[in-house]
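The values are calculated or read from the model by the stated rules, or taken from the named source; none is laboratory data. It should be emphasised that the depicted structure is a prediction, and the values quoted were computed from it without experimental measurement. Cβ placement follows ideal geometry from the backbone for every residue including glycine, while neighbour counts extend to all protein chains displayed.
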Amino acid sequence: MEEIISSFPQHWQDIIGLLAAPISWLPRMQHVLMEFFLQSPSAWVAAAKYVLLLLPALLGVAALWCTQLSIYTLPFRTGRVHFASAMLLAWWDAARATWLYWIGLVRCIGVACGWVLVFLGFLVRLGVEAVRQMAMMPFMMTGRMAQRYFQPGVPWVAFVALVLWCVLEATVFAHVLFPMVGDVLTRLAETPEPGRLTGPILFMFLLLLVMGSFACVQALIDSMRTRQFKYVAQMIVVELFVGFFEVMFLYREIVVTFIPQIADQRAGTLVVATCGWMAVRGLTWFLFAQYGTPPLMALISRRPLVPREEMLPAVAAMDAPAWWEGPMRDFRRETEWLHSASDRLLEYFALPALHVAAAAVNFAMVLVASRPVFNIPFKGLDEIPESRSILSGLHLQPRKTS
């Protein structure tokens, strides 16, 4: 400012200095404020200055400029008392806006901390529930297994035992019969060695054969329980053929392999093989096959093993909500509440700065139009008028001269 005054002629400098006295000290004040904000001992201090004091300082600078410049307009104004009142009220609004700005920052920090606490609470509840479920999992699994075991339903133990026994029996038969079957196939195909798929195919064939043997026994018993004698006779004939086939081609080879002393005695071999077949079938049937064969046949035919009414409790137990659905439901409910208050949250973050900006605009409008345009404080964003409504309400039109 002094450089500008010194640029005028010497005899005009005193007059210009007197006229510029109301605003000559403002540039020096702005320079001091700039040094205050630019020079900070640490980044934290600088951040605190910018967040807490920058907008109020800018508002103060704008208010001082508008107030000092309005001094030059006093000789030309008609409603000087109204203008002075409006200027004083603008300063009052500036003080209120500064206070609301600081209170709004505190409220914003509280809302942000609330978000963080809600999310951390969800994580803590989820972690505690996960640890509790992991600690209780052995007891829960034991209880469920015991409950399912002692309640009527699918006999999974017998079913798994039957499948394992069929696999074991087919493996033994495949190992015993593989040399003979391989020799027959090499002669038929006129190759030096059997194919690589001979063993797996032989195993699958024997596995189906063993499972079919248990299925025939089950069919025979079902026909006897229902007193369908026609089917009983048919199943007895089928069972005789099945037994004859297994004794001649499977169990006889096992007897020859394990008891080579009676290999030359065909009658003795057949008797031992027949007794072995009956013993194995009887032991496995009365131990687990009578309980595991119905689930196996139901699985193959895709039919329910138990009535629909008995399946409902088990289905209801399986449809029980997962352990993490409770914390997720609480978190969803809290997040829905936070989303419903998103407009309010936007007001929390926007209103502090808008109060300061509105106070600065009020100073400028008092300087120009002798009246403020905003009523501070704003209770919400809906109370802030649009620019078009503000301009239409000013009615800044020149007076008509008579």
For the structure I just gave you, tell me whether P152 is more than 21 Å from W285 (Cα to Cα), loosely packed, with under 12 Cβ neighbours inside 10 Å and at pLDDT below 85.
no
Out of everything in segment 294-338 that is over 30 Å from R132 (Cα atoms) and surrounded by fewer than 10 Cβ atoms within 10 Å (Cβ to Cβ), what residue ends up being modelled with the highest pLDDT?
S301
What tally of residues in segment 168-209 results from selecting those that are out of contact with any Pro (no Cβ under 6 Å at 6 or more places or on another chain), surrounded by fewer than 16 Cβ atoms within 10 Å (Cβ to Cβ), free of Cβ contacts under 8 Å to residues at least 60 places away in the same chain and farther than 17 Å from M297 by Cβ?
22
What are the residue pairs meeting all of these: first residue in segment 21-32, first residue free of Cβ contacts under 8 Å to residues at least 40 places away in the same chain, second residue in a helix (DSSP H, G or I) and not acidic (D, E), Cβ atoms under 7 Å, and 6 or more apart or on different chains?
Q30/V61
Candidates V238, V242 - the one that is assigned to a helix (DSSP H, G or I) and more than 28 Å from P179 (Cα to Cα)
V238
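Can you tell me which residue among A130, A97, A84 is among the small types (G, A, S) and either touching a helix residue (DSSP H, G or I) at 6+ places or on another chain (Cβ under 7 Å) or within 23 Å of V51 (Cα to Cα) (or both)? First the steps, then the outcome.
On the way: A130 fails: either touching a helix residue (DSSP H, G or I) at 6+ places or on another chain (Cβ under 7 Å) or within 23 Å of V51 (Cα to Cα) (or both); A84 fails: either touching a helix residue (DSSP H, G or I) at 6+ places or on another chain (Cβ under 7 Å) or within 23 Å of V51 (Cα to Cα) (or both).
The unique qualifying residue is A97.
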State whether one or more residues within segment 103-111 are without any contact (Cβ under 8 Å) to a residue 40 or more places away in the chain, surrounded by 13 or more Cβ atoms within 10 Å (Cβ to Cβ) and assigned to a helix (DSSP H, G or I).
no
Would you check which residues across segment 260-293 are surrounded by 14 or more Cβ atoms within 10 Å (Cβ to Cβ) and over 57 Å from the mean Cα position of the chain (by Cα) and list them?
I262, G268, T269, L270, V271, V272, A273, T274, G276, W277
Name the single residue, out of those in segment 46-97 being under 50 Å from the mean Cα position of the chain (by Cα) and among the basic types (K, R), that is farthest from P372 (Cα to Cα).
K49
Cβ contacts < 8 Å: first residue outside the structural domain of L299 (by TED's automatic domain parsing) and free of Cβ contacts under 8 Å to residues at least 24 places away in the same chain, restricted to segment 215-236; second residue among the aliphatic types (A, V, I, L, M) and not in a helix (DSSP H, G or I), any location; separation 6+ or different chain. Result?
none
Within segment 364-379, does at least one residue satisfy the condition of being modelled with pLDDT under 75 and within 41 Å of the chain's Cα centre (by Cα)?
yes
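Scanning for something closer than 19 Å to M365 by Cβ, in a helix (DSSP H, G or I), assigned by TED's automatic domain parsing to the domain that holds S370 and of a type in the set (A, V, I, L, M), does segment 40-55 turn up at least one residue?
To start, the set of residues in segment 40-55 that are closer than 19 Å to M365 by Cβ comprises 55.
With the extra rule that they be in a helix (DSSP H, G or I), the set shrinks to 55.
Applying the additional criterion that residues be assigned by TED's automatic domain parsing to the domain that holds S370 yields 55.
Imposing the further condition that a residue be of a type in the set (A, V, I, L, M) reduces the set to 55.
Yes: segment 40-55 contains one or more residues that are closer than 19 Å to M365 by Cβ, in a helix (DSSP H, G or I), assigned by TED's automatic domain parsing to the domain that holds S370 and of a type in the set (A, V, I, L, M).
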